[in-house]
Amino acid sequence: MKVVILAGGFGTRLAEETEVIPKPMVEIGGWPILWHIMKHYAHYGFEEFFIALGYKGEVIKRYFLDYYSLNSNMSINLANGEVQVHHGQREDWIVHLIDTGLTTMTGGRIRHLQSYLQDETFMVTYGDGVCNLNLQELLEFHKSHGRIATVTAVRPPARFGGLVFDGNLVTNFTEKPQIGEGWINGGFMVFEPAILNYFQKDNDSLEADVMEQLAKERQLMAFRHPHFWQCMDTLRDKHLLESLWQQKRAPWKVWN
């Protein structure tokens with residue numbers, strides 16, 4: 001199953017870091033948060049990634065181009081330039097790095113990937129949030145209800161958008177909320193290819209345009225995750241995640 005990671009935003013609320021690198025490349029424990037997200041998906045067997053690039057996308061491209069060599073031991077013969085790579089960090093991943101535009105909105109970024117996604121169910125998440133969600137259980141829930149989309153509902157600080165439910169059916173999705181039941185969109189979404197028909201242009205918002213419409217059509221379901229979830233929206237969030245990692249208490253580290 002293919003996993004789309006939206007990694008093109010400007011990350012303006014984390015400007016202390018994102019003036020130089022894109023937000024998904026901000027490090028937690030010496031590894032980009034993008035790597036943490038991918039390790040989570042790979043732990044549950046999802047190892048083909050489509051990274052939707054925008055702001056400073058070349059930094060992410062360079063990271064993956066050099067990943068194999070920089071995370072391995074090597075011997076270099078300076079006389080002839082021969083390089084031998086020895087043991088190191090290996091990942092059995094396929095990573096597609098796709099430029100989706102500098103100012104493209106979240107829905108528009110998925111629209112740019114539609115030729116890769118039109119054949120089967122696929123997953124989507126943001127490049128700045130981690131959690132300890134069981135992704136196989138999320139997928140099983142999605143398959144069980146037969147609707148177009150599933151979003152993971154989490155309970156975070158109250159500055160995010162809200163969801164209103166009828167059972168597990170989302171009846172109202174609002175991105176900047178004074179409504180809801182204390183649950184918000186935490187990312188970690190599962191979509192059927194039919195959702196691609198809802199994306200029309202680059203400035204389409206996945207949240208404000210597409211998800212609101214799906215909720216009106218009763219095609220958006222929520223998988224409630226009451227456990228750990230944290231986005232890295234500010235420097236304070238980064239310090240919290242770093243502290244958890246350094247104390248070896250990182251709940252999102254579900255891999256060995």
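Throughout, read-outs are computed from the coordinates displayed, never taken from laboratory work. Everything numeric in this text was worked out from a predicted model, so none of it was measured. Note that we place each Cβ from the backbone using ideal geometry, even for glycine, and neighbour counts take in every protein chain shown.
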* To do: Name the most mobile residue of LEU240, LEU220, LEU163, meaning the one with the largest mean-square fluctuation, in a Gaussian network model of the chain with Cα contacts below 10 Å.
  => LEU240
* To do: Please order PHE191, PHE173 by the number of other Cβ within 10 Å, starting at the fewest.
  => PHE191, PHE173
* Asked: Which whole-number value in Å³ per residue fits the convex hull of the alpha carbons of the range 190-237?
  -> 123
* **Label-to-label distance, nm, for residues given as ASN71 and ASN203 (7 Å Cα→Cβ offset)** => 3.9
* Under 5 Å between amide H atoms, partner at least 5 residues away or on a different chain: which partners does THR171 have, H built in plane at 1.01 Å? -> VAL164, PHE165, ASP166
* **Rh by Kirkwood over Cα pairs, then Stokes-Einstein D for the chain at 1.002 mPa s and 20 °C, µm²/s** => 113
* Along the charge dipole of the range 2-246, which of HIS142, ILE195, MET221 sits closest to the positive end, that is, farthest toward it, with unit charges on the beta carbon of Lys, Arg, Asp and Glu (+1, +1, -1, -1)? -> MET221
* **Principal axis dimensions, the range 1-103 - Cα atoms, whole angstrom, descending** => 46, 32, 26
* Structure fact -> So THR103 and HIS227, fully extended at 0.36 nm per residue minus their Cα-Cα distance, gain in nm 41.3 nm
